[in-house]
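*Asks:* Dropping the structure in here first, questions after.
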Amino acid sequence: MSALFDILIIGTGQAGAQAAISLRQEGFAGSITMVGEESDLPYERPPLSKDYLAGERTADRLLLRPPAFWAERDVEILCETRISHVDRGVATAEDGRLFHYGKLIWAAGGHARRLYCPGAELGGLHTIRTRQDDDNLRADLLTATRIAIIGGGYVGLEAAAVLSRAGKSVTVIEAQPRLLARVTAPPVSDFYLQQHQAQGVDVLLNAQVAALEGEGRVSAVLLADGRRIPCDIAVVGIGLEASVAPLGLQGTAVEVDSHCRTSLPDVYAIGDCANHANRYAGGARVRLESVQNAVDMAKAAAAHIVHGDSAKPYDACPWFWSDQYDLKLQTVGLSLGHDATVVRGDPASRSWSLVYLRAGAVIALDCINAARDYVQGKALVERSARIAPELLADAATPIKSLEG
C-alpha cells in the first residue's frame, strides 16, 4: 500500500493533535493524516498518573476531542500503526505500508524508560505512559496490596499519592538524594518528602535498584545495598526515551530551530521528542515534557507551514503542574542554572512558593496551593524581573504589585 498526504503527522498525542487543529485554524486546506501506535484517538496523558489511575475519570473523558471533531475537519487518523523509517519524503510503517508526504510533523513523543536489570522481564512490572498501561496496572491493583514505585519524579509521586489514598502500602524508591531532584530545589523536595511520609508512604532515597526478584511475577525489589523491598507489583517511573530512531538522526532527541524545523527537508518535530533553544533556559537547548510545550510547538510548526518565515517563532514561557493529594504544584519558567532561591510564605501552611533567581533575575517559581503567585509570577519570569529578595519573600504583598 502507498498513499500521498500533503501533511503527515506522526504521533496522536497532545502535540500531534494540536498540530492538526492549528493547521486547519491557520487555513490549511490540503490533506492531513495523523498516524499513531495506539488504538485510541488523541487523548490527554497527564490524568494517567492522577484521576484516571484513581478511577475518577473514564476513558471517553480523556479524549482531547470527540470522534466527530476530526471528521468534520477532514483529518484522517490511522491507529495501531508504527513508523519504522523516514527518508526523502516517505515514511515506512513496520507492516510495509508507505506514506508519501509533502511535509511531515514528527510528534511521536516517546516511550516510558524501562529498567535494564536482572528480573526486568518479570510480570507485575508496570509503567505509566499510555491508557493501556494504566488499564493493565489497574487490573493488577485489584489483588495487590504492596506497591513498589521506582522513581521519585512527578509520575512516581503522583502514582504514590493515588495508590496510598486507595489504601495500598506504598514504597517509593529514588536513586537520587532527594525527590524531584531534576526539576526542583531542596525546599520543595523536602516539603514533598514530608507530605508523602505523613500519608504513610515509605520513601527510600539514595536507593539503587540492583534486581527484581520473583518466580514469574515480581515479588521484591533488591537494592544495591542489600535491602529487599517486598511487593506485589512494581511501577517504574524513571523518565522518557524519546522516539527518534526512525528519523535516522544522531542523539536522544530531535534538534529543531525556532520554527520547529529539523535538519531533514520538509520535516518538523514537536513536543516531548524535540530539542530546542529556549530563552527561559538561558538560551540552552532543552527537551521539555509538558502540555504547554506540546501545544505551543505545534502552533509554531503549523503557522510556519502555512505562512513561512513570517510566522511567529516558538518563544513560549514554560509551565508545568502536578497534583498530589490535595496539593497542586504549579511551575512557571525553568529553574535551570539558578543561583539563589527565595521562600515565599510558610511551607507549614501548605500554601507557599519558591522563587528561583539567576544573577538577581526571577527565572522560575514553584507554587504550591498558591495559584495567585503562579498566575502573577509569569510576568516576572517573562521580563526577568529584578526584585529585592525580602520583597519576594513577603507573601502578604501580591506579586503583581512588585516592580522590577
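*Asks:* Arg178: surrounded by 13 or more Cβ atoms within 10 Å (Cβ to Cβ) and among the charged types (D, E, K, R), yes or no? Can you show your working first?
*Replies:* Details: surrounded by 13 or more Cβ atoms within 10 Å (Cβ to Cβ): yes; among the charged types (D, E, K, R): yes.
Yes; evaluated as a whole, the condition is true for this residue.
*Asks:* Within segment 350-368, restricting attention to residues that are among the hydroxyl-bearing types (Ser, Thr, Tyr) and in a strand (DSSP E or B), which residue is nearest to Ala284 (Cα to Cα)?
*Replies:* Taking the candidates together, the pick is Tyr356.
*Asks:* I'm trying to understand the selection: among the residues of segment 231-254, which are in a loop (DSSP other than H, G, I, E, B) and not charged (D, E, K, R)? So that I can check it myself, show each step before the final result.
*Replies:* Residues of segment 231-254 that are in a loop (DSSP other than H, G, I, E, B), as a first pass: 231-232, 237-239, 243-244, 248-253.
Those that are in a loop (DSSP other than H, G, I, E, B) and not charged (D, E, K, R): Cys231, Gly237, Ile238, Gly239, Ser243, Val244, Gly248, Leu249, Gln250, Gly251, Thr252, Ala253.
*Asks:* Counting only residues that are closer than 30 Å to Arg287 by Cβ and surrounded by fewer than 17 Cβ atoms within 10 Å (Cβ to Cβ), how many does segment 337-349 have?
*Replies:* So the answer is 3.
*Asks:* Moving on. If I ask for residues that are in a helix (DSSP H, G or I) and of a type outside the set (A, V, I, L, M, F, W, C), which ones from segment 16-44 would you list? Please lay out each step first, then the result.
*Replies:* Quick first cut of segment 16-44, residues in a helix (DSSP H, G or I) only: 16-25.
Across segment 16-44, the qualifying residues are Gly16, Gln18, Ser22, Arg24, Gln25.
*Asks:* Restricting to segment 148-195, and then to whatever is outside any helix (DSSP H, G or I) and among the hydroxyl-bearing types (Ser, Thr, Tyr), can you tell me which residue is farthest from Ile368 (Cα to Cα)?
*Replies:* Ser169
*Asks:* Scan segment 64-87 and give yes if some residue there is free of Cβ contacts under 8 Å to residues at least 60 places away in the same chain, surrounded by 19 or more Cβ atoms within 10 Å (Cβ to Cβ) and assigned to a loop (DSSP other than H, G, I, E, B), otherwise no.
*Replies:* The answer is yes; a qualifying residue exists.
*Asks:* Take segment 1-47 and flag every residue that is of a type in the set (Lys, Arg) and out of contact with any Gly (no Cβ under 9 Å at 6 or more places or on another chain).
*Replies:* Once the filter is applied, which keeps residues that are of a type in the set (Lys, Arg) and out of contact with any Gly (no Cβ under 9 Å at 6 or more places or on another chain), segment 1-47 yields only Arg24.
*Asks:* Given the conditions (1) surrounded by fewer than 20 Cβ atoms within 10 Å (Cβ to Cβ); (2) touching a residue at least 12 places away in the same chain (Cβ under 8 Å); (3) not β-branched (Val, Ile, Thr), which single one is not true for Asp60?
*Replies:* Looking at each condition in turn, Asp60 falls short on (2).
*Asks:* Assuming Thr33 fulfils every condition listed in (1) of a type in the set (S, T, N, Q); (2) under 19 Å from Ala302 (Cβ atoms); (3) free of Cβ contacts under 8 Å to residues at least 24 places away in the same chain apart from one, which condition is it?
*Replies:* Of the numbered conditions (1) of a type in the set (S, T, N, Q); (2) under 19 Å from Ala302 (Cβ atoms); (3) free of Cβ contacts under 8 Å to residues at least 24 places away in the same chain, the odd one out for Thr33 is (3).
*Asks:* Check Asp140, Asp134, Asp60 and return the single one that is touching a strand residue (DSSP E or B) at 6+ places or on another chain (Cβ under 7 Å), at negative phi and not in a loop (DSSP other than H, G, I, E, B).
*Replies:* When all the criteria are applied, what remains is Asp140.
*Asks:* Now for a different question. When you go through (1) without any contact (Cβ under 8 Å) to a residue 12 or more places away in the chain; (2) over 28 Å from Thr58 (Cα atoms); (3) out of contact with any Lys or Arg (no Cβ under 9 Å at 6 or more places or on another chain) one by one for Pro186, which number turns out not to apply?
*Replies:* (3)
*Asks:* Now a separate question. Here's a check for you: in segment 293-336, which residue that is within 20 Å of Ile387 (Cβ to Cβ) and in contact with an Asp or Glu (Cβ under 6 Å, 6 or more places away or on another chain) is surrounded by the most Cβ atoms within 10 Å (Cβ to Cβ)?
*Replies:* For segment 293-336, the residue satisfying everything is Thr331.
*Asks:* To continue, here is another question. Taking only segment 196-207 into account, find how many residues are in a helix (DSSP H, G or I) and touching a helix residue (DSSP H, G or I) at 6+ places or on another chain (Cβ under 9 Å). So that I can check it myself, show each step before the final result.
*Replies:* First, the residues of segment 196-207 that are in a helix (DSSP H, G or I): 196-198.
Retained after the next criterion (residues that are touching a helix residue (DSSP H, G or I) at 6+ places or on another chain (Cβ under 9 Å)): 196.
Matching residues across segment 196-207 total 1.
*Asks:* Then there is this: Evaluate the following for Phe99: is it part of a strand (DSSP E or B) and either at pLDDT below 95 or under 22 Å from Ala302 (Cβ atoms) (or both)?
*Replies:* Details: part of a strand (DSSP E or B): yes; either at pLDDT below 95 or under 22 Å from Ala302 (Cβ atoms) (or both): yes.
It is true that Phe99 is part of a strand (DSSP E or B) and either at pLDDT below 95 or under 22 Å from Ala302 (Cβ atoms) (or both).
*Asks:* Given Leu212, Leu157, which one is closer than 30 Å to Asp339 by Cα, in contact (Cβ under 8 Å) with a residue 60 or more places away in the chain, touching a Leu at 6+ places or on another chain (Cβ under 7 Å) and buried (at least 23 other Cβ atoms within 10 Å of the Cβ)?
*Replies:* Leu157
*Asks:* Select from segment 22-57 the residues that are loosely packed, with under 15 Cβ neighbours inside 10 Å and small (Gly, Ala, Ser) and list them in ascending order.
*Replies:* Gly27, Ala29, Gly30, Ser39, Gly55
*Asks:* Checking Gly308 against (1) assigned to a loop (DSSP other than H, G, I, E, B); (2) on the phi > 0 side of the Ramachandran plot, only one condition comes out false. Which one?
*Replies:* That leaves (1) as the condition not met.
The values are calculated or read from the model by the stated rules, or taken from the named source; none is laboratory data. All values derive from a computational prediction rather than experimental measurement. Cβ coordinates were reconstructed from backbone atoms using ideal geometry, including for glycine residues, and neighbour counts include every protein chain displayed.
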